[in-house]
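What follows is a set of notes on a single structure, which appears directly below.
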Amino acid sequence: MDDQDYSPPGWVYREHAAVGGVAITETSGRRYPPVDWAAVGPARWSDCKLGKLSDVELARLIGIHPDRIRRRREQLGIPPWSVAQQIEPFKHLLGVLTDGAIASLCGVSPKSVTVYRESLGILPVLRPAPRKQVLPTGHPLRIYKSLFGYVSDQEIAKVAGVDLHLVQEVREALGFEPVSPLTEEATSIPTADYHGPWLGYESLLGKVSPAQISREVGVPYDVVEQRRVFLGIAPYKRLSKAVRFDHLLGKVPNSLVAKLAGVSTARIAERRKQLGT
């Protein structure tokens, strides 16, 4: 026998008008007469399925007319099957998954799940509004997104060719704090050129190599070096434009570092290889 609690003599079974708020058949909510156990007779193997499948479906499985299934079920005081019974095992998912997702799990229509959920006073899943993209496709700063948080607003605006105010707005929308601009290299006080034999090139000392000065002005290399030492000018030191952006290597794409430094992407790749970044 099924574990269904069959009504003993003298007890009247009253089913709720709806199981979980989902409308069932016209017999739902009816008052069944006391079970006549003599009329019921011996248990049948199909009794355990009564009320757990629709009368039509159970009749099709057994191969008899649905009316016989209905009479047997009513004799035992068992309410008819309802769609709510099929949703019940997934009740814990109501309000967590969408009605459509739950419907696909339990094999009923989304509308049935909606009616069942609303009868229990459970709110539907609240889908968050789609997040508005700060840098949608086509935005002039989209390709420079990786620079935010590493490069100052002024430098991003310069390399992107946009207004500084736009860069500030985008940075704030992305949640980045402002970055201080890179300090410019200290420029020495220009040296005035002197007039006389093997003179007149002092303004170039420390800015270009002695060899270049020697070639351009026709003064021996040693004379150029002695003149620089005499004037106390620091020797020329060749620095790559990319050196100022070494802190970005490995953090932002090489192409963007190359744009900032004004050099080729190949030069940045070579610089990274030199530094092992």
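Listed values, structure above:
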| quantity | calculated |
| --- | --- |
| So Arg171, is it in contact with a strand residue (DSSP E or B) (Cβ under 7 Å, 6 or more places away or on another chain), farther than 30 Å from Arg131 by Cβ and either part of a loop (DSSP other than H, G, I, E, B) or in contact (Cβ under 8 Å) with a residue 12 or more places away in the chain (or both) | no |
| Residue list for the range 32-48, restricted to those being over 15 Å from Asp67 (Cα atoms), within 58 Å of the chain's Cα centre (by Cα) and not in a loop (DSSP other than H, G, I, E, B) | Trp45, Cys48 |
| Test: residue in the range 258-271 that is in contact with a helix residue (DSSP H, G or I) (Cβ under 8 Å, 6 or more places away or on another chain), within 18 Å of Val159 (Cβ to Cβ) and in contact (Cβ under 8 Å) with a residue 40 or more places away in the chain | yes |
| Subset tally (residues that are part of a helix (DSSP H, G or I), over 15 Å from Val252 (Cβ atoms) and of a type outside the set (A, V, I, L, M)) for the range 154-168 | 4 |
| Inter-residue pairs, beta-carbon under 6 Å, first farther than 12 Å from Phe90 by Cβ and in the range 105-121, second of a type outside the set (A, V, I, L, M, F, W, C) and in a helix (DSSP H, G or I), 6+ apart | Pro110/Asp99; Pro110/Gly100; Thr114/Asp99 |
| Those residues of the range 200-232 which are touching a helix residue (DSSP H, G or I) at 6+ places or on another chain (Cβ under 8 Å), surrounded by 13 or more Cβ atoms within 10 Å (Cβ to Cβ) and not in a helix (DSSP H, G or I), in sequence order | Gly200, Tyr201, Leu205, Gly206, Val219 |
| Residue selected from the range 50-107 under the condition assigned to a loop (DSSP other than H, G, I, E, B) and of a type in the set (Ser, Thr, Tyr), by the criterion nearest to Ala39 (Cα to Cα) | Ser54 |
| Neighbours by Cβ (under 9 Å, 6+ apart or cross-chain): first from the range 129-150, over 18 Å from Val252 (Cβ atoms); second loosely packed, with under 15 Cβ neighbours inside 10 Å | Pro136/Arg142 |
| Inter-residue pairs, beta-carbon under 6 Å, first more than 15 Å from Asp193 (Cα to Cα) and touching a residue at least 12 places away in the same chain (Cβ under 8 Å) and in the range 205-234, second outside any helix (DSSP H, G or I) and of a type in the set (Gly, Ala, Ser), 6+ apart | Ala234/Gly206 |
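Computed from the coordinates by the stated procedures, all read-outs in this text should not be read as laboratory data. Quick caveat, the model's predicted, so the values are computed rather than measured. FYI the Cβ positions are ideal-geometry reconstructions off the backbone, even for glycines, and counts take in every protein chain you see.
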